[in-house]
Each structure stands twice: as structure tokens, then as C-alpha cells.
Amino acid sequence: MFATINGTKLFYDVDGAGVVVRDGELVEKPVVFVIHGGPGGSHLSFKSHLDDLTRGAQLVYVDQRGCGFSAEGDPDTYTFRQNVEDLETLRKHLGVEKVWILGHSYGGMVAMQYALTYQENLAGLLLVTTSPSYRFMEKAKKFIEENGNEDQQYYANKLWNGDFQSEEELQKYYEAMSPLYSVTAQRNEAANGKKVNAKRSYQALNKGFGGFLRTYDIVDQLPMIKVPTLIIAGRHDWITPVSENESIHEGIPNSKFHILEDSSHSVFVDQHEETLSLIREFLGACHHPNFVE
């Protein structure tokens with residue numbers, strides 16, 4: 001489905017009923033906006049992994065502007081702040097009073113900024129392998145310098161410099177880096193061929209890593225976030241390491257923090273059931289005692 005949001009055509013996909021009958025009563029399920037990473041990713045990269053959550057929540061997958069099925073536009077509009085404003089306008093468009101946001105990687109950064117800007121419209125946060133500042137790049141650069149092979153070092157430098165020239169070149173980046181993003185990929189190279197090669201926006205990625213992510217830092221603002229927050233980190237995550245997620249936990253009052261010991265950045269792939277179980281339990285505890293079926 002599409003909606004005209006702040007001058008662009010934004011794609012979203014609603015998965016799961018919003019209201020169910022349990023024990024003869026109508027129960028309104030939490031609405032969860034699911035925000036992909038990148039910048040420049042697509043909801044298709046992890047949509048199939050979350051199907052089981054629809055038993056207890058209504059999921060709204062969103063392709064950020066210029067990404068996935070959303071319309072391409074002026075790359076100057078592919079900004080951090082604009083991504084936040086697009087989510088707020090979409091919330092109004094859908095008539096949702098309070099929304100949960102599940103943000104993975106860069107999507108988690110957008111989710112936290114949404115919390116700082118529109119907290120009154122937010123029910124809670126589900127933050128998965130993300131970071132509160134530009135320091136994640138410094139740590140990732142060091143990891144690649146010490147552990148990356150020749151191809152990984154070459155494509156990582158393109159990432160740091162915001163220097164991708166085409167969608168095809170960006171695809172080669174993900175092919176080279178795949179074993180670092182997923183423990184499963186490290187163990188089973190054949191699994192790489194089963195991935196959905198969804199359209200990615202190299203322009204949006206360049207805009208982030210070559211521009212605004214270099215000065216991104218909300219560490220000092222984290223204590224202002226008062227909504228229920230779950231933070232999930234992967235022990236072997238190379239790009240948003242445990243320490244970055246831990247700093248989010250330290251900053252947000254009463255947040256819950258879990259480390260998945262056999263995961264890298266792609267926790268939905270590496271420890272699928274464990275990740276969904278943590279999310280289900282947290283949503284159930286915060287939203288409705290009968291959430292988990």
C-alpha cells in the first residue's frame with residue numbers, strides 16, 4: 001500500500017488484525033511500526049522473520065523514502081529528521097493513537113529520535129542491534145582494519161566514505177560483508193543464496209554514512225526517553241557492537257537489555273526464535289497480560 005507522505009509516495013504493508021476476541025472480550029492489539037536499517041534498506045530484508053509476531057501485534061512495515069517500494073526522490077530529502085517526520089505523518093494517516101516502533105540498526109536510530117521528538121505518541125520501543133552515536137563507526141572501522149579480508153576492507157571504505165556509485169555496487173558490498181553480518185552466514189555460505197535481494201538505495205546510504213551519521217549523537221538525551229524500551233544486541237555484531245547497545249540501556253531509564261550470545265548484527269536470522277520470544281514477552285508484559293497466546 002502507498003500513502004502520500006510529506007511530498008513523497010511512501011510504501012507500507014499492514015500485517016495482522018488490529019483487534020481480536022479473547023475469552024469473549026475484544027482485545028486491541030499493539031500497533032508496531034517496523035523500521036528497516038541502512039540507511040537505504042528495505043522492509044523485505046526481514047519481513048518474513050517476524051510473521052509469528054502477528055499473533056499478538058499488528059505490524060506495519062515501512063519502506064523509508066527512496067527505499068524499497070517507496071518512491072525515489074531528491075536525495076537531499078533522505079535525512080535523519082525527514083525519516084522521523086515521515087513516521088509521524090504516517091501515524092496520523094493511519095489514525096493510530098500510540099504506536100510501538102521496532103527499529104533495527106539505522107531503524108533503531110530513527111526510532112530513538114522519534115521518541116525524543118514525539119514521545120507523547122509512542123507506546124514503546126523495540127531496539128535491535130543499533131547505536132546512539134557516531135562512535136559505532138569508529139569501532140566498526142577498527143574491527144575491519146583488524147579482521148576484514150581484502151574485499152571487506154575495500155567495500156567498507158566505500159561505506160565510510162559514502163561512495164557507492166550504483167545499486168549493483170552496493171549489492172557487492174553486502175555479498176562481501178555477509179559473513180560479518182550473520183553468524184549463520186559464516187557457518188553456511190550456501191544460505192547466502194536464499195536471501196531476498198531487495199532493492200536498496202545507495203543514495204540514501206551515501207547520504208547517511210557520508211553525511212549526517214558522522215555527527216549523530218543522542219547519548220546525552222537518552223534519559224529523556226521514558227517509554228518502555230527493550231534493547232537486543234548480538235554478541236558478535238561488528239557494526240553496532242554490544243557496547244553501543246549497552247550505552248542505550250544505561251541511558252534510558254528502566255529499559256530492558258538482552259545479549260544474544262550466538263548472533264551478529266542479523267539477530268532475526270541467527271537466533272530467530274530467541275529474538276521473537278524476547279519481543280513477545282516484552283510486548284505482552286507492557287501491553288496486555290494475555291498478549292502471548
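Points worth noting:
- Of all residues in region 11-46, those satisfying the criterion of being over 23 Å from ASN121 (Cβ atoms), buried (at least 18 other Cβ atoms within 10 Å of the Cβ) and touching a strand residue (DSSP E or B) at 6+ places or on another chain (Cβ under 8 Å) are SER42, PHE46.
- Residue satisfying condition, being without any contact (Cβ under 8 Å) to a residue 12 or more places away in the chain and more than 21 Å from HIS287 (Cα to Cα), within set ASP86, ASP74: ASP74
- Failed criterion for ALA123 (all others in (1) within 25 Å of SER201 (Cα to Cα); (2) part of a strand (DSSP E or B) hold): (1)
- Condition broken by LYS194, with the remaining ones in (1) at pLDDT below 95; (2) out of contact with any helix residue (DSSP H, G or I) (no Cβ under 7 Å at 6 or more places or on another chain); (3) among the charged types (D, E, K, R); (4) within 20 Å of PHE80 (Cβ to Cβ) satisfied: (4)
- Residues of region 4-24 satisfying the condition of being within 18 Å of LEU44 (Cα to Cα) and not basic (Lys, Arg): LEU10, PHE11, TYR12, ASP13, VAL14, ASP15, GLY16
- Subset of region 145-163 (residues that are in contact (Cβ under 8 Å) with a residue 40 or more places away in the chain and surrounded by 13 or more Cβ atoms within 10 Å (Cβ to Cβ)): LEU159, TRP160, GLY162, ASP163
- Residue satisfying all of: in region 1-20; under 27 Å from PRO75 (Cα atoms) and β-branched (Val, Ile, Thr); nearest to the chain's Cα centre (by Cα) among these: VAL14
- Inside region 209-236, residues that are in contact with a Phe, Trp or Tyr (Cβ under 7 Å, 6 or more places away or on another chain) and either crowded, with 18+ Cβ neighbours inside 10 Å or farther than 30 Å from SER255 by Cα (or both) make up a count of 5.
- All positions within region 61-99 that are surrounded by 22 or more Cβ atoms within 10 Å (Cβ to Cβ), in a loop (DSSP other than H, G, I, E, B) and not small (Gly, Ala, Ser): GLN64, ARG65, CYS67, TYR78
- Qualifying residue in region 18-35 (condition: hydrophobic (A, V, I, L, M, F, W, C) and touching a helix residue (DSSP H, G or I) at 6+ places or on another chain (Cβ under 6 Å)): yes
- Among the residues of region 34-57, some residue qualifies, meaning at least one is of a type outside the set (A, V, I, L, M), outside any helix (DSSP H, G or I), more than 26 Å from PRO241 (Cβ to Cβ) and in contact (Cβ under 8 Å) with a residue 60 or more places away in the chain.
- Scope region 31-69; condition acidic (Asp, Glu) and at pLDDT below 95; matching residues: ASP51, ASP52
- Single residue of GLY162, GLY148 found to be over 19 Å from the mean Cα position of the chain (by Cα) and at positive phi: GLY162
- Hits in region 242-256 (condition: more than 18 Å from the chain's Cα centre (by Cα) and among the polar types (S, T, N, Q)): ASN254
- Residue among SER166, SER178 that is over 30 Å from ILE252 (Cβ atoms), touching a residue at least 12 places away in the same chain (Cβ under 8 Å) and exposed (fewer than 15 other Cβ atoms within 10 Å of the Cβ): SER166
- Hits in region 237-270 - residues which are buried (at least 16 other Cβ atoms within 10 Å of the Cβ), among the charged types (D, E, K, R) and farther than 20 Å from PHE46 by Cβ: LYS256
The values are calculated or read from the model by the stated rules, or taken from the named source; none is laboratory data. Just so we're clear, the structure is a prediction, and the values are computed from it rather than from any experiment. In this analysis, Cβ positions are derived from the backbone assuming ideal geometry, glycine residues included, and neighbour counts consider all displayed protein chains.
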